[in-house]
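First the structure, in the form of structure tokens, and then the observations on it.
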Amino acid sequence: MITLTGSNPTTRRQGSNMTTPQPPASNAVVERLAYSPDEVAEALGISRELVNDLLRTGELGSVKAGRRRLIGKHHLEAFLAREQ
């Protein structure tokens, strides 16, 4: 059950006195800072294999986050600026 008290909505578990604060709802759009190789391939209209080749050769920059490879927005912008 979600109860709205003022501007701070909380979630109350039935049968419990515990409440968990919920972030305020907003219509703000969160801008992505990094993308997965699959998302980059789809956005650029190229294959995942080509994205991997670009990453392997260093033509497209990225960072590692654990086991994931993330391609920053700035890496994409730099890549696209070089290709013109």
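What the table shows:
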| quantity | calculated |
| --- | --- |
| Cα-centre dipole for the range 34-82 with unit charges at Cβ (Lys and Arg positive, Asp and Glu negative), debye to 20 | 280 |
| Charge-dipole axis of the range 34-82 as Lys and Arg at +1 and Asp and Glu at -1 on Cβ define it, positive-most pick from Gly66, Pro37, Ala78 | Gly66 |
| Within-13-Å neighbourhood charge of Gly72 [Cβ basis; K, R +1; D, E -1] | +2 |
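Each value in this text was obtained by applying a stated rule to the coordinates, not by laboratory testing. What you see is a predicted model; the values in this text were computed from it and never measured. Every residue, glycine as well, gets a Cβ built from its backbone with ideal geometry; the counts of neighbours run over all protein chains shown.
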